[in-house]
Amino acid sequence: MTEPAAAPPAPTSPPTGERPASSIWGGRFAAGPSAVMEAINVSIDFDHRLLPQDLRASAAHAAMLIRQGIISETDGNAILAGLARIKAEADAGTLPLERALEDVHMNVEGRLAALIGEPAGRLHTARSRNDQVATDFRLWVRDAIDALDQAAEELQTVLIGHAEAHAATIMPGFTHLQAAQPVTLGHHLLAYVEMLGRDRGRLADCRRRLNECPLGAAALAGTSFPIDRRQTAQALGFERPCANSLDAVSDRDFAIEFLAAGALMGVHLSRLAEEIVLWSCERFAFLRLADDFSTGSSIMPQKRNPDAAELVRAKTGRLAGALVQLLTVVKGLPLAYAKDLQEDKEPVFDAADTLGLALAAMTGMLRTATFQTAQMRAAAETGFPSATDLADWLVRAKGLAFRRAHHVAGAIVKAAETAGCKLEELPLAALQAIEPAITDEVFSVLGVERSVASRTSEGGTAPERVREAAAAARLRFLGDS
């Protein structure tokens, strides 16, 4: 993809102060736009990114025009050859792009005319820029979804690998950021695998719904030429043509849905980034980032800052902002097309770039990170993590109502806190002084290993369940057995 050429020098204004008539708009206007109008109207600075999709869609349209006998085979073949040459120029970085031609679509048509002459004017038969840009944009979003899905799968691969390696690595589980119950690191990481799986599912749903072809809707009402919309849809990999020409050119719900799915994926990445920020600080010391994904301080030589994680966390604002921006653009638009829709591309382009970078950064950070398992285990021992196991044992072994068991366990926690010891270190007599029904069997459920091992319910944190869940996730999300 080439970057747009620098803006050409402003044309010399005629004595009246008017600018020359536009070659794009035909004979309707006697003079061209003012400099301010040109500045607000031109989109080539960003929509040049649609160039590969525009060339694909134009080639499919030309092939259909030939097949339907709407243009001659001679003219059509010249158009197809010209489009192929433009693609080669774009691939080589030599394609000239002119701001005077407003957008990528007119730049392609202008370059085609320079290459093949008069037949280039036949390409736009039975087509409007309205259905053209809607088609190109759907193709671009579809390609972006495919790339992001692959990137998310790569992150899941890293997370699943760590989960398999740490199926029995004990760490504290938190609620309210307070130590709650012990879990395994593998179990914790698989939670993000599930989130990413739903994110990929939302992108897949969006792709399925957008996979309808606007070409042939023309400006808004269809066309009188005997086109074959199913041919162009099939050639471009769409499932079917859009059913309504007004809807085809005027709606951008596919882009909004993409942004919504992207914003939610960004939120999940932000939550994982926050964990990395916390875990890598010396107060937790659960994780050490590789030098490649750490930065230093300009004044404090000892610092190792998790800047990549912090930036992933911050970029969620851009993703949410892009969604709100496009929702606001389309909220009051009557049918069919309005120039407001030119504002649809920049938030989508930026969101796709932002999300792709965030996924790559997160994958790189976690692929090269070192988990500090001894610190995790030590942290899991604090805060009386097997108190719930004690309450459950009182219900299961001694028949206490759970609320009574909860009260008893709380009193025992208070006793251990006063004594400055762990629950399993309290003497049996001290436990029986609080609840006489307690026997020495209670020690079989106290301690972090026993607590974790007991959580054998489906989806639980017991190592055997984590290994099963990791294998199932590998099959569901990666297609591996």
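So the values come out like this:
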| read-out | value |
| --- | --- |
| Every residue from segment 139-169 that is farther than 30 Å from His187 by Cα and either open to solvent by less than 10 Å² (accessible area, probe 1.4 Å) or aliphatic (A, V, I, L, M) (or both) | Leu139, Val141, Ala144 |
| Candidate set: segment 220-247, residues that are in contact with a strand residue (DSSP E or B) (Cβ under 8 Å, 6 or more places away or on another chain) and closer than 25 Å to Gln342 by Cβ; chosen: the one most open to solvent (accessible area, probe 1.4 Å) | Ala243 |
| Residues located in segment 174-188, provided they are open to solvent by less than 10 Å² (accessible area, probe 1.4 Å), closer than 17 Å to Arg450 by Cβ and not polar (S, T, N, Q) | Pro182 |
| Residue within segment 447-454 that is more than 45 Å from the chain's Cα centre (by Cα), assigned to a helix (DSSP H, G or I) and surrounded by 15 or more Cβ atoms within 10 Å (Cβ to Cβ) present | no |
| Residue in segment 279-302 that is open to solvent by less than 20 Å² (accessible area, probe 1.4 Å) and touching a Ser or Thr at 6+ places or on another chain (Cβ under 6 Å) present | yes |
| All positions within segment 136-179 that are among the β-branched types (Val, Ile, Thr) and over 30 Å from Asp253 (Cβ atoms) | Thr157, Val158, Ile160, Thr169, Ile170, Thr175 |
| All positions within segment 455-465 that are surrounded by 14 or more Cβ atoms within 10 Å (Cβ to Cβ) and either among the charged types (D, E, K, R) or within 21 Å of Leu155 (Cβ to Cβ) (or both) | Arg455, Arg465 |
| Residue within segment 466-475 that is surrounded by 17 or more Cβ atoms within 10 Å (Cβ to Cβ), of a type in the set (Lys, Arg) and farther than 28 Å from Glu425 by Cβ present | yes |
| Which listed residue, of Phe477, Phe443, is of a type in the set (Phe, Trp, Tyr), under 36 Å from the mean Cα position of the chain (by Cα) and part of a helix (DSSP H, G or I) | Phe477 |
| Unique match (being more than 18 Å from the chain's Cα centre (by Cα) and in a helix (DSSP H, G or I)) among Asp344, Asp350, Asp389 | Asp389 |
| Test result for Leu335, touching a residue at least 40 places away in the same chain (Cβ under 8 Å), hydrophobic (A, V, I, L, M, F, W, C), crowded, with 22+ Cβ neighbours inside 10 Å and in contact with a helix residue (DSSP H, G or I) (Cβ under 6 Å, 6 or more places away or on another chain) | no |
| Test result for Leu259, closer than 22 Å to Leu355 by Cα, assigned by the TED database to the domain that holds Asn211, under 12 Å from the mean Cα position of the chain (by Cα) and open to solvent by 50 Å² or more (accessible area, probe 1.4 Å) | no |
| Top-ranked residue in segment 71-104 [being part of a helix (DSSP H, G or I) and at pLDDT below 95; ranked as least open to solvent (accessible area, probe 1.4 Å)] | Leu101 |
| Residue selected from segment 355-376 under the condition of a type in the set (Ser, Thr, Tyr) and more than 16 Å from Ile160 (Cβ to Cβ), by the criterion surrounded by the fewest Cβ atoms within 10 Å (Cβ to Cβ) | Thr370 |
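Quick grid of which residues meet (1) within 22 Å of Leu148 (Cβ to Cβ); (2) at pLDDT below 95:
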site	(1), (2)
Leu311	yes, no
Ala314	yes, no
Arg318	yes, no
Leu323	yes, no
Thr328	no, no
Tyr337	no, yes
Asp340	no, yes
Glu346	yes, no
Phe349	yes, no
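The values are calculated or read from the model by the stated rules, or taken from the named source; none is laboratory data. Note that the structure is predicted; figures quoted are calculated from it, not measured. No Cβ is skipped: glycine too gets one built from the backbone with ideal geometry, and neighbour counts run over all protein chains shown. Accessible surface areas use protein heavy atoms only, side chains included; no ligands, DNA or RNA. Shrake-Rupley method; radii C 1.70, N 1.55, O 1.52, S 1.80 Å.
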